[in-house]
Structures are given as structure tokens and as C-alpha cells.
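Input: a single structure, listed below in C-alpha cells.
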Amino acid sequence: MRAVTVDPSTLYCLGTSTDPVTVAGALRAHPVRVEPVAPGTPLGHRMVALAAHDLTDDELAETSSMTRGSWVHLVSSGPNYPHIPTLARNNLVTRSARAYAPSLSEYVITQHVLHCATDPIDDAPKPFHRRNALVVGYGAFGRTIAETLAGLGARVTVVRPRCRTAHPFGSVAATPLEHLPNRFAHLMVVALPGIPEVVNFVDDALLRRLRLDGHLINPARSSPVDCDALLRWLADGAGRLTSDVETDDRAELLRPWIDKGRVTLTPHTAWRPWDGDPLYHRDWAAIYATGTFDRSTMRQQSLRIDPQQIAVDYLIP
């Protein structure tokens with residue numbers, strides 16, 4: 001993606017999750033007017049907060065076809081929405097890689113405490129103290145949940161998908177995935193985006209590292225978890241799954257385990273904080289701060305946003 005120069009006076013909000021009133025309050029320190037608009041509206045100022053998950057495929061297609069030379073910030077950490085690749089060819093597209101990490105981590109902690117509370121009280125272990133946790137992925141969310149779990153006393157191992165290695169949290173030592181011991185993890189957290197490179201990454205081999213009575217938590221997209229391998233893991237033991245984003249087809253395959261209380265599907269709540277704050281404005285403001293104003297223009301009405309100046313995890317892969 002290339003750098004873009006935009007008029008920084010107006011941030012357009014597309015999609016109901018953008019909550020322009022809340023964002024306007026959070027951006028008081030910036031001279032930016034926050035304006036909700038409908039898909040298809042001509043955009044004159046070229047800064048856009050796009051809640052792609054709120055828009056239909058047709059609305060995203062229309063937005064993509066009409067948007068040129070703009071800075072488009074996805075109100076999501078996941079870039080895998082229809083027409084986003086097309087949008088990225090003609091615009092600078094960024095995403096909320098960090099702002100939602102604390103909420104996703106809070107979801108994991110809450111769900112695992114609830115999971116442990118279902119055990120008979122005499123046998124109920126401490127949810128995290130000296131328990132083995134496997135965090136699959138080490139982006140903004142993976143780092144945050146690994147730090148949180150370690151702070152609660154868990155022994156955390158981080159899996160890095162690109163190099164297919166595992167690292168004890170806080171250590172530089174690397175272990176090939178195939179050298180991880182079988183059934184050692186009490187908890188596995190999927191911290192992967194729904195992108196083609198990691199589809200079905202959590203497969204039979206990786207699930208063999210999770211105890212048969214363990215807990216698998218996926219607060220993000222379902223595609224990184226191989227559905228057939230997941231069903232085999234459920235069938236082989238007494239483990240439980242908590243997942244926040246499942247397709248209708250996968251949910252139907254999981255129905256027998258849902259009925260047995262072994263699978264919990266939540267209604268896409270992991271990213272939401274308790275107060276409903278859309279949060280993306282934190283990442284947007286961090287990216288905005290990397291921009292350079294053209295001081296030759298009256299009132300600095302020209303802002304250059306350069307992907308070379310933006311942290312990599314804010315860019316779409």
C-alpha cells in the first residue's frame with residue numbers, strides 16, 4: 001500500500017459499530033469532526049472508519065468501488081472481509097490490531113473461570129496457577145493474553161505460526177512444534193486472524209498438545225481451527241470448546257456437543273468491552289499521530305499518512 005494525503009478535518013463512520021458520538025468524545029484532542037454516513041455516500045474528506053462486519057456484501061462492494069486515495073481504518077482486527085483487498089489497492093487500509101486485545105483477553109479469562117467453575121467444588125483447580133497454557137499466535141492479542149495468563153500464574157507457551165515454533169513465554173528459546181509434549185496444555189487460546197495463511201492451522205497435531213479434558217478458547221474467527229480435527233478432539237475425551245465466531249455450518253456440526261454442554265458458542269461478544277465503547281479510536285489515534293501535516297496549506301488541511309511510518313500490526317497482511 002502507498003501513502004495517501006487526506007483532509008484531516010472529518011472522519012466518516014460507516015457501520016453501526018462505529019458509534020460516532022462516543023468516538024467524537026474520545027477524539028476531542030484532535031481537530032476532527034466525526035460524521036456518520038451511509039454506504040454509497042460520496043466522501044469528500046477521505047478519512048473513513050469502516051465497520052465492515054456491519055455492512056452487507058453489496059454495501060462493501062459499493063464502498064470499495066467509490067473510495068479512492070483515502071485512509072480507511074477497519075473497526076476490527078481481522079482483515080478478511082469481502083472487497084477489502086480491492087479497497088486496499090486504491091487506499092491505505094489499516095486495522096485495529098491493539099485496541100481490542102484487552103477485551104479479547106478479558107473474554108478468555110472470564111470464559112476459562114466459568115469453565116473451571118463447572119467442575120465439582122472439591123476437585124476444582126485454580127483456573128490459572130501453575131496450569132499450562134498454549135497461546136497460538138503472537139500478534140497484539142497473543143502478546144496481551146500471554147502476558148495476562150503469565151501474570152495470573154500460568155505457565156505459558158507461545159506458538160508462532162510463521163516459523164512453526166513454540167516459545168516459553170519470556171524466553172528466547174525456540175522449540176519445533178513437533179517437539180512439544182502431547183497433552184501437556186490445560187488451556188489453548190487461539191489468537192490468530194482469519195486469513196488464508198493460517199486456515200486450519202490448529203490441526204490434529206496441535207490439538208494433541210491439549211489435554212483431552214482441556215479447554216480450547218477461540219475468541220476470533222473459526223477458520224484457523226480445523227473443524228474435523230476439533231470434532232475428533234471432542235470425541236476422544238471430555239474437553240470443552242468456547243468459541244465466539246462460528247459459521248452456521250460449523251455450529252450445526254458442533255450441535256451434539258453443544259447439547260451435551262461441552263461446547264459454548266457466544267454471540268460475537270469477545271471484542272466488546274463492558275461499557276460498549278467501540279475502542280477502535282485508540283488505534284486510529286495512534287496511526288493519526290504518525291501522519292505529517294503539510295504546513296504550507298491553510299490551517300494544516302493536508303495530512304500525509306505513510307504505511308512506512310505505521311506499526312506493521314496495524315496494516316492488513
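Observations, loosely collected:
- Among the residues here, LEU234 does not qualify as within 23 Å of ARG130 (Cα to Cα) and open to solvent by less than 10 Å² (accessible area, probe 1.4 Å).
- Residue ID - nearest to SER302 (Cα to Cα), chosen from residues in segment 47-97 that are surrounded by fewer than 23 Cβ atoms within 10 Å (Cβ to Cβ) and basic (Lys, Arg): ARG68
- Selected residue (criterion: modelled with the lowest pLDDT) from residues of segment 157-198 that are hydrophobic (A, V, I, L, M, F, W, C) and exposed (fewer than 15 other Cβ atoms within 10 Å of the Cβ): VAL172
- Candidates in segment 291-317 are the residues that are of a type in the set (D, E, K, R) and closer than 16 Å to VAL6 by Cβ; of these, the one that is modelled with the highest pLDDT is ASP306.
- Checking each residue in segment 246-265 for being under 17 Å from HIS112 (Cα atoms) and in contact with a Ser or Thr (Cβ under 7 Å, 6 or more places away or on another chain) picks out THR264, LEU265.
- Summed over segment 208-224, residues that are in contact with a strand residue (DSSP E or B) (Cβ under 7 Å, 6 or more places away or on another chain) and charged (D, E, K, R) total 2.
- Within segment 105-119, the residues that satisfy the criterion of being in contact with a strand residue (DSSP E or B) (Cβ under 9 Å, 6 or more places away or on another chain) and either of a type in the set (A, V, I, L, M, F, W, C) or within 16 Å of GLY239 (Cα to Cα) (or both) are VAL108, GLN111, HIS112, LEU114, HIS115, CYS116, THR118.
- Residues (crowded, with 18+ Cβ neighbours inside 10 Å and out of contact with any helix residue (DSSP H, G or I) (no Cβ under 8 Å at 6 or more places or on another chain)) located in segment 212-222: GLY214, ASN218, ARG221
- Among the residues of segment 181-224, those that are over 19 Å from TYR107 (Cβ atoms) and part of a loop (DSSP other than H, G, I, E, B) comprise PRO181, ASN182, ARG183, PHE184, ILE195, VAL199, ASN200, PHE201, ASP203, ARG208, ARG209.
- Close pairs (9 angstrom Cβ cut-off, 6 or more residues apart or separate chains): closer than 14 Å to TRP271 by Cβ in segment 131-146, at pLDDT 95 or above and open to solvent by 30 Å² or more (accessible area, probe 1.4 Å) anywhere: ILE145/ILE109
- Test: residue in segment 241-262 that is open to solvent by 80 Å² or more (accessible area, probe 1.4 Å), basic (Lys, Arg), touching a residue at least 40 places away in the same chain (Cβ under 8 Å) and not in a loop (DSSP other than H, G, I, E, B): no
- Scan of segment 32-44 for residues that are open to solvent by less than 30 Å² (accessible area, probe 1.4 Å) and either touching a Leu at 6+ places or on another chain (Cβ under 8 Å) or part of a strand (DSSP E or B) (or both), ordered by number: VAL32, VAL34, VAL37
- Residues of segment 127-147 satisfying the condition of being open to solvent by less than 50 Å² (accessible area, probe 1.4 Å) and of a type in the set (Ser, Thr, Tyr): THR144
- Scanning segment 1-31 for residues that are at pLDDT 90 or above, among the hydrophobic types (A, V, I, L, M, F, W, C) and either assigned to a loop (DSSP other than H, G, I, E, B) or open to solvent by 50 Å² or more (accessible area, probe 1.4 Å) (or both) returns a single hit, ALA3.
- Verdict on ARG131 being in contact with a strand residue (DSSP E or B) (Cβ under 6 Å, 6 or more places away or on another chain) and not aliphatic (A, V, I, L, M): yes
- ALA229 more than 23 Å from the chain's Cα centre (by Cα), surrounded by fewer than 19 Cβ atoms within 10 Å (Cβ to Cβ) and of a type outside the set (Ser, Thr, Tyr): no
The values are calculated or read from the model by the stated rules, or taken from the named source; none is laboratory data. Note that the structure is predicted; figures quoted are calculated from it, not measured. Cβ atoms come from the backbone with ideal geometry, glycine included; neighbour counts cover every protein chain shown. Note: areas computed on protein heavy atoms with side chains; ligands, DNA, RNA excluded. Shrake-Rupley method; radii C 1.70, N 1.55, O 1.52, S 1.80 Å.
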